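Read-outs throughout are calculated quantities, based only on the coordinates presented, and are distinct from any laboratory measurement. Because the structure is predicted, anything quoted here is derived from the model rather than measured. As a convention, Cβ positions derive from the backbone with ideal geometry for all residues, glycine included, and neighbour counts pool all protein chains shown.
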Amino acid sequence: MNRRYRKTIIAGNWKMNKTPSETKAFAEEFKALLPKTKWCDVVLCVPFVDLPAAVRGFKDSRVSVGAENLYFEKSGAFTGEVSADMLVDLDVKYVIIGHSERRQYFGETDVTVNKKVHTALEAGLSPIICVGESLEQREMGVTMELIALQVKSALAGVPAEQMRRCVIAYEPIWAIGTGKTATGDQAAEVCSFIRATIRSLYGARIARGVTIQYGGSMNPKNAAELLSHEDIDGGLIGGASLKPDQLMEIVHAANQD
Ligand code: 13P
């Protein structure tokens, strides 16, 4: 983390978990645990149907609410999809874009990710853009090339003034939901590389202000070590974000000096 130049953001990604009633209960429990001091930002990204309950539950708290996806068209005949305007109208602030599960199971590509990033930014949302390599790609030694391609294509055509609202999440696919975390050094190496890629596109001043998260089996035990690295500015947390006490322990880890 480097709080001088950029926000530390601890974000939960619930994936396809919890009902609206469970969301309401989670919000009550989590709010009661929130520390008084404010250092890191806390975001909870939840399924579409849980968004109203989450926004209501976290009203007047420091927790912002995010969606897990959106569609890039403004409106129209796209059965089952959700637009950026619909999210904004609900008071949603963040949206995850290009999660590896969406790339893997729902056919998202670097091109659709780029379209979605533009749609989110134009609507005033903050995109959390996910990038990351598979185990095969890591073993083939192409991690950095792949990450550069994902970052550059996601940000293609994004003007400098909108970069301030973009968050990048480095999520190695082999560490997601596997209990196998990247070591701090492995994660930091890629997060620094992501910042260098942004520097090559937008210059040093903008690059040092971008929040870059790590995601992949982050939990209360490993969070402090991961967050101690200069270029890791937070976490995108799956499994451990489903339990209020575990997510709060990670928030505490991000609040350490
Ligand atoms: P886990 O924390 O469950 O590994 O999930 C990480 C993730 O995919 C967050 O987007």
(message) Check which residues have an amide H placed less than 5 Å from S126's amide H, if you skip close sequence neighbours.
(response) Y94, V95
(message) Running a GNM on the chain with Cα contacts under 10 Å, which residue among Y105, Y202, Y214 ends up with the highest mean-square fluctuation?
(response) Y105
(message) So if I take the centroid of the Cα atoms in the stretch 14-71 and the same for the stretch 132-186, what is the distance between those two points in Å?
(response) 25
(request) Between G80, G107, G203, find the one with the highest GNM mean-square fluctuation for the chain; connect C-alpha pairs within less than 10 Å. (result) G80
(request) Evaluate the stretch 45-147: find the radius of gyration of its Cα atoms, find its Kirkwood radius, and give the ratio Rg to Rh. (result) 1.03
(request) Using only the alpha carbons of the stretch 133-224, determine the length spanned along each of the three principal axes and report them from longest to shortest in whole angstroms. (result) 37, 30, 19
(request) With label points built 7 Å along Cα→Cβ from the Cα atoms of E225 and V49, find their separation and express it in nm. (result) 3.9
(request) Equivalent ellipsoid semi-axes for the chain, as square roots of 5 times the alpha carbon gyration tensor eigenvalues: give them largest first, rounded to whole Å. (result) 24, 23, 18
